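Trainee: My structure is below; once you've seen it, I'll send some questions.
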Amino acid sequence: MRRTGLLGLALSALCLAYFYMLAGGIVFNHRHFAPIFYDLLNFYDRPTAALGVLVCLTALLWEKPAPLLRLVDYLDRHVAATAAMSAGLFAACAVGVYKNYPLSMDEYAAVFQSKVFASGHLAAQLPPPLVPWLIAPGFNGYFLAISAQTGRGIETYWPGFALVLAPFQLLGIPWLCNATLAGLAIFLIHRITLDVTGDRRAAGWAMLFALASSAFWANAISYYSMQAHLTANLLYAWLLLKPTAGRSFAAGLVGASALLLHNPVPHMLFAAPWLIAFALDHGTRRRLIPLALGYAPAAAVGLGWAWLRSDIAPAAQSAAMGATLKSVFMLPDADILNMRVAAAAKMWVWALPCLYYFAFLGYMRARADRHVRLLMLSAVCTYVGYLFVHFDQGHGWGYRYFHSAWGVVPILAACALTGRSDAGRGLVTFAGAAAVLSLLTLVPFQLMQIDEFITGHLAMVPAAKRPGGNVYFIDFRGGYYIADMIQMDPLLRSEDLYLATRGSALDEELIRRNWPSAVQCGSAPLVVQWCLRNAPGPAIGDGQFMPR
């Protein structure tokens, strides 16, 4: 058991060595990485990997398992309270750390569509003359599909996550959506672990492992759909642990919802081992019928949404479909393998140190259990499936392509500790100390990194010199992902407009037509600011702005 901790330390040191090898071009290369993917990897994840090694070293020195076991037992006895308090902390961080801001276009697309749904519509109706300013040209058809002729617009992704987010938008608390889903995920991680192992302490371990991992926090406070994928897949797996007809039908409904969250691939990869196992096992084969009936609504909703998208912007729909087909059906090459090795490093540093090692030990210890094998296969299929996708993920905290299956990792890791209560420097002590130290050091450190990045990103646009009534023209062709700041309320209810520049002459013409007395009141590299307060012309924030 002492050697187990030493091997975990060695694996963390190997992960740290990878970052230096990548930066030096030794064995690995990053020539095809997206700039944002490499920058986050090199400038943010590398110091985290070094801190992870220090956490492992400190955990090796800890010799008192008793307080760790008391903590785990406490979490098990207060599952609902822990889940609720966690959701509250996630919500606070969504506002304080993530600034309640959809940082990337992937996040903004769902937020945009959720506001449309919350207003009682399927598509936004924007002023057609304003469309060239409202979205960077390269993004139209890939994140949003907006018709320049009619002004109708929707997100290009499937609408499931936007539908989940819409009630929170309606109540004015969108930051609570993913936080709530993460709290539910904590509860499901406990339930699945308890059902699989029959060990309440192991279920407590699984909760601690999840809460001690920054990847779980990062997605819980963001507007990425991956938290919804994780929670839906956990609920799907939990329902199928005891597949009665009713639970199988409910699992199908959950699976249908997961297919529509933003694209069907994450759930397809997760569910494939379960569906194959059910088909091959005579005892569960009959449950495929209610399961299929539950999935049926996904086809109708998917076809309807595809029709709406093609009706609004047929050219954009064709371009998006072509890009999707090209990315999915590509055999792995050296570039993809480099991306996925980098992804594995990100997975390691965004979890508590050695979590994946513990998960492997848990699988090896409990692999005789059919459900443990299925959980492991879901994780493996998700990782391997993206070997055929020629993207590194671009933006994102941790490796978000894997996050839909991430919930099984703390469950498998807890299986390694089932029935253990060793003294001294054994696996329980090492794993518990690593988890607590990660929760106290790595999680705050990586939340500060997120806060620093978002603060710097928002600082690219000058602060409003007057309260409200500002128009910002942003040069989307330069800058460091400044094009992602060209965002709008689909009903144009916000006081400020963030527009893609069309050149100073056309920009000023738009201003003079609508606000003759507006003044240029600020600028920054790639940004020009106009102040409209008290200027004659149409108001922006009433949702009635129609440019002349």
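Trainee: Only residues that are closer than 30 Å to Phe37 by Cβ and touching a Phe, Trp or Tyr at 6+ places or on another chain (Cβ under 8 Å): list them for the range 477-495, please.
Mentor: Answer for the range 477-495, where residues must be closer than 30 Å to Phe37 by Cβ and touching a Phe, Trp or Tyr at 6+ places or on another chain (Cβ under 8 Å): Ile482, Ala483, Asp484, Met485, Ile486, Gln487, Met488, Pro490.
Trainee: While we're here: Report whether or not Ala49 is in contact (Cβ under 8 Å) with a residue 60 or more places away in the chain and either buried (at least 20 other Cβ atoms within 10 Å of the Cβ) or of a type in the set (A, V, I, L, M) (or both).
Mentor: For Ala49, the condition - in contact (Cβ under 8 Å) with a residue 60 or more places away in the chain and either buried (at least 20 other Cβ atoms within 10 Å of the Cβ) or of a type in the set (A, V, I, L, M) (or both) - is met.
Trainee: Here are some residues: Ala110, Ala92, Ala49. Which one is in contact with a Ser or Thr (Cβ under 7 Å, 6 or more places away or on another chain) and assigned to a helix (DSSP H, G or I)?
Mentor: Ala110 is the lone residue from the list that is in contact with a Ser or Thr (Cβ under 7 Å, 6 or more places away or on another chain) and assigned to a helix (DSSP H, G or I).
Trainee: List the helices (runs of 4 or more DSSP H) inside the range 130-234, counting only whole elements, that have at least 3 residues being hydroxyl-bearing (Ser, Thr, Tyr).
Mentor: Hits in the range 130-234: 176-197.
Trainee: Then there's this: Condition check: at pLDDT 95 or above, assigned to a helix (DSSP H, G or I) and touching a Cys at 6+ places or on another chain (Cβ under 6 Å). Does Ala17 satisfy that?
Mentor: no
Trainee: Only one of these conditions is not met by Ala535: (1) modelled with pLDDT of 85 or more; (2) touching a Phe, Trp or Tyr at 6+ places or on another chain (Cβ under 8 Å). Which number is it?
Mentor: With respect to (1) modelled with pLDDT of 85 or more; (2) touching a Phe, Trp or Tyr at 6+ places or on another chain (Cβ under 8 Å), Ala535 is out only on (1).
Trainee: Right, here's the next one. Is there a residue being aliphatic (A, V, I, L, M), more than 18 Å from the chain's Cα centre (by Cα), in a helix (DSSP H, G or I) and more than 16 Å from Ser213 (Cα to Cα) anywhere in the range 22-29? Reasoning before the result, please.
Mentor: Taking the range 22-29 as the starting set, the residues that turn out to be aliphatic (A, V, I, L, M) are 22-23, 26-27.
Among the residues that remain, those that are also more than 18 Å from the chain's Cα centre (by Cα) are: 22-23, 26-27.
Next, from what is left, pick out any that are in a helix (DSSP H, G or I): 22-23.
Now restrict to residues that are more than 16 Å from Ser213 (Cα to Cα): 22-23.
Yes, because at least one residue in the range 22-29 is aliphatic (A, V, I, L, M), more than 18 Å from the chain's Cα centre (by Cα), in a helix (DSSP H, G or I) and more than 16 Å from Ser213 (Cα to Cα).
Trainee: Where the second residue is of a type in the set (Phe, Trp, Tyr) and surrounded by 14 or more Cβ atoms within 10 Å (Cβ to Cβ) and the first is more than 10 Å from Phe388 (Cα to Cα) and modelled with pLDDT under 60 and lies in the range 320-341, which pairs have Cβ atoms under 8 Å and are six or more apart or on separate chains?
Mentor: Partner pairs satisfying both residue conditions: Ala320/Tyr142; Ala323/Tyr142.
Trainee: Would you check which residues across the range 369-384 are crowded, with 19+ Cβ neighbours inside 10 Å, out of contact with any Pro (no Cβ under 9 Å at 6 or more places or on another chain) and closer than 29 Å to His30 by Cα and list them?
Mentor: Listed by number, the list holds a single entry, Ala379.
Trainee: Among the candidates Leu377, Leu417, single out the residue that is part of a helix (DSSP H, G or I) and among the aliphatic types (A, V, I, L, M).
Mentor: Just one listed residue meets the conditions, Leu377.
Trainee: A further question on this structure: Here is a list of conditions, (1) among the β-branched types (Val, Ile, Thr); (2) modelled with pLDDT of 90 or more; (3) within 33 Å of the chain's Cα centre (by Cα), and Ile511 meets all of them except one; can you say which number that is?
Mentor: (3)
Trainee: Let me ask another. Under 8 Å between Cβ atoms, which residue pairs at least 6 apart in sequence (or on different chains) link something in the range 236-256 that is closer than 15 Å to Leu269 by Cα with a partner that is among the polar types (S, T, N, Q)?
Mentor: Filtered contacts from the range 236-256: Ala237/Ser378.
Trainee: Being among the β-branched types (Val, Ile, Thr), closer than 19 Å to Thr455 by Cα, in contact (Cβ under 8 Å) with a residue 24 or more places away in the chain and buried (at least 18 other Cβ atoms within 10 Å of the Cβ) narrows it down to one residue among Ile482, Ile511; which is it?
Mentor: Unique residue meeting the criteria: Ile482.
Yes/no per residue for (1) acidic (Asp, Glu); (2) in contact (Cβ under 8 Å) with a residue 40 or more places away in the chain; (3) part of a helix (DSSP H, G or I); (4) not assigned by TED's automatic domain parsing to the domain that holds Pro132:
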{"position": "Gln446", "(1), (2), (3), (4)": "no, yes, yes, yes"}
{"position": "Pro490", "(1), (2), (3), (4)": "no, yes, no, no"}
{"position": "Ser494", "(1), (2), (3), (4)": "no, yes, no, no"}
{"position": "Gly537", "(1), (2), (3), (4)": "no, no, no, yes"}
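Trainee: Next up: May I ask you to list the residues in the range 518-533 that are among the β-branched types (Val, Ile, Thr) and surrounded by fewer than 19 Cβ atoms within 10 Å (Cβ to Cβ)? Break it down into steps so the answer makes sense when it comes.
Mentor: So the first thing to find is which residues in the range 518-533 are among the β-branched types (Val, Ile, Thr), and the list is 519, 527-528.
Within the range 518-533, Val519 is the sole residue that qualifies.
Trainee: Let me ask something additional. Out of the range 463-487, which residues are in contact with a Ser or Thr (Cβ under 7 Å, 6 or more places away or on another chain) and outside any helix (DSSP H, G or I)? Even if it seems obvious, please write down each step before you answer.
Mentor: Within the range 463-487, the subset in contact with a Ser or Thr (Cβ under 7 Å, 6 or more places away or on another chain) is 473-475, 484.
Of everything in the range 463-487, those that are in contact with a Ser or Thr (Cβ under 7 Å, 6 or more places away or on another chain) and outside any helix (DSSP H, G or I) turn out to be Phe473, Ile474, Asp475.
The values are calculated or read from the model by the stated rules, or taken from the named source; none is laboratory data. Not measured: the values here are computed from a predicted model. Because the Cβ atoms are built from the backbone with ideal geometry, glycine has one as well, and the counts that use them run over all protein chains shown.
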